[in-house]
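Just below is one structure, and these are the notes that go with it.
The values are calculated or read from the model by the stated rules, or taken from the named source; none is laboratory data. Owing to the predicted nature of the structure, the values given are computational and were not obtained by experimental measurement. Here Cβ is always computed from backbone atoms with ideal geometry, including for glycine, and neighbour counts include all displayed protein chains. Quick note on the areas: whole protein, heavy atoms, side chains included, nothing else; ligands and nucleic acids left out. Shrake-Rupley method; radii C 1.70, N 1.55, O 1.52, S 1.80 Å.
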Amino acid sequence: MNRNEFKEHSRITVSWKDREGKLRPGNFYVYALLKDAMIVRATDKDGLLRKLAFSDVLRVVKFQDVAPQDRYMIPDEVLKEANWKDRDVMVRYSSSPSCGK
């Protein structure tokens, strides 16, 4: 898959390939699109922020835009590509649909 098939502030259900090469189902909230990957939060499991490479996504099963009042917010500094250069996962719990945290 490529960058043009995804959109910031959307919810996606995908089939993706993990580090070991196993196919996994996943529900994600897309925060930001980088050059070769996207920053997502797993909405059905651990809630960690992840860098998910576009090439690891094999199929998009469901796509849903998120209304502006329901969007999760993370500081822009956390989402910058430089912060994700040598990292794949980040523990961050400052997301709230009402922007109150």
Multiply the residue gap between E8 and V61 by 0.36 nm, knock off their C-alpha separation, and tell me the result in nm, one decimal place. 17.4 nm
Leaving out ligands, DNA and RNA, what percent of the accessible area of the chain is carbon and sulfur, probe 1.4 Å? 47 percent
For A53, which sequence-distant residues (separation of 5 or more, or a different chain) have an amide H within less than 5 Å of its own amide H, given hydrogens modelled in the peptide plane? M38
Only helical DSSP H runs with n ≥ 4 go in: add -39500 (n - 2.57) per run for the chain, normalise by residue count and round the 222 nm mean residue ellipticity to 500 deg cm²/dmol. -500 deg cm²/dmol
Starting from the chain, pick out the chymotrypsin sites (Phe, Trp or Tyr not before Pro) whose DSSP state is loop and whose Cβ has at most 15 other Cβ atoms within 10 Å. Y93
What Rg and what Dmax come out for the chain when only alpha-carbon atoms are used, in angstroms? 12.8, 38
Run the numbers on the range 30-75 and let me know its relative contact order in percent, using alpha-carbon pairs under 8 Å that are six or more apart. 27 percent
Listed residue (A67, G26, F6) projecting farthest to the positive dipole end of the range 3-83, Cβ model: G26
